[in-house]
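Peer 1: To start, I am sharing the structure in question, which I have written as structure tokens.
Please treat every number below as a calculation from the coordinates, not as lab data. Predicted model only: the values in this text are computed from it and were never measured. Methodologically, a virtual Cβ is constructed for each residue, glycine included, from the backbone with ideal geometry; neighbour enumeration extends over all protein chains shown.
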Amino acid sequence: MKIKLIDICHGRSGDKGDAANIGLIAYNKEDYELIKREVTAEKVKTFFDGICKGEVIRYELPNINALNFLLNNTLGGGGTVSLMLDAQGKTLASALLKMEIEK
């Protein structure tokens, strides 16, 4: 059965220069184990195909049931130099929450 990430977690996003930073925080430990298994760096890179032009790095934060993704070369140079509409990556967490995973 497929579910959307928004059903089991919430997210925050922002920027670190030209890299977008997306955090997924599961509502409980069981759902954290699910997103840890299903939401890989490779799947996030594929999900943002055409936007993310660099490496995606995933960090695990089990003490807060969260994953943090750093999407390198994603923001067209960053907030002060980019012509992108969302050069600071503020909407990327909302986009990622629409990703479907296997439950």
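Peer 1: Under 12 Å from the 7 Å Cα→Cβ point of ILE64, by amide nitrogen: which residues of the stretch 25-41?
Peer 2: 25-26
Peer 1: So if I place +1 on the C-beta of Lys and Arg and -1 on the C-beta of Asp and Glu, and nothing else carries charge, what would the dipole magnitude of the chain be about its Cα centre? I want it in debye, nearest 20.
Peer 2: So the magnitude is around 60 debye.
Peer 1: Okay, next question. Cross-link list LYS16/LYS36; LYS4/LYS53; LYS2/LYS43; LYS53/LYS98; LYS45/LYS103: which exceed 18 angstrom alpha carbon to alpha carbon? Display every interim value, and only then the final one.
Peer 2: Values: LYS16/LYS36 23 Å; LYS4/LYS53 24 Å; LYS2/LYS43 15 Å; LYS53/LYS98 20 Å; LYS45/LYS103 20 Å.
Distance filter (> 18 Å) returns LYS16/LYS36; LYS4/LYS53; LYS53/LYS98; LYS45/LYS103.
Peer 1: Turning to a different aspect of this structure: Work out Dmax and Rg for the stretch 1-60 from the C-alpha atoms and quote the Rg first, both in angstrom.
Peer 2: Both quantities, over Cα of the stretch 1-60: 12.1, 38 Å.
Peer 1: Tell me the angle of helix 29-38 to the major Cα principal axis of the chain, expressed in degrees between 0 and 90 and rounded to the nearest ten.
Peer 2: 60 degrees
Peer 1: Turning to a different aspect of this structure: Working from the alpha-carbon coordinates of the chain, get Rg over Rh, Rh being the Kirkwood radius. Kindly include the intermediate steps, with their values, before the conclusion.
Peer 2: On the way: Rg = 13.2 Å, Rh = 13.5 Å.
A ratio of 0.97.
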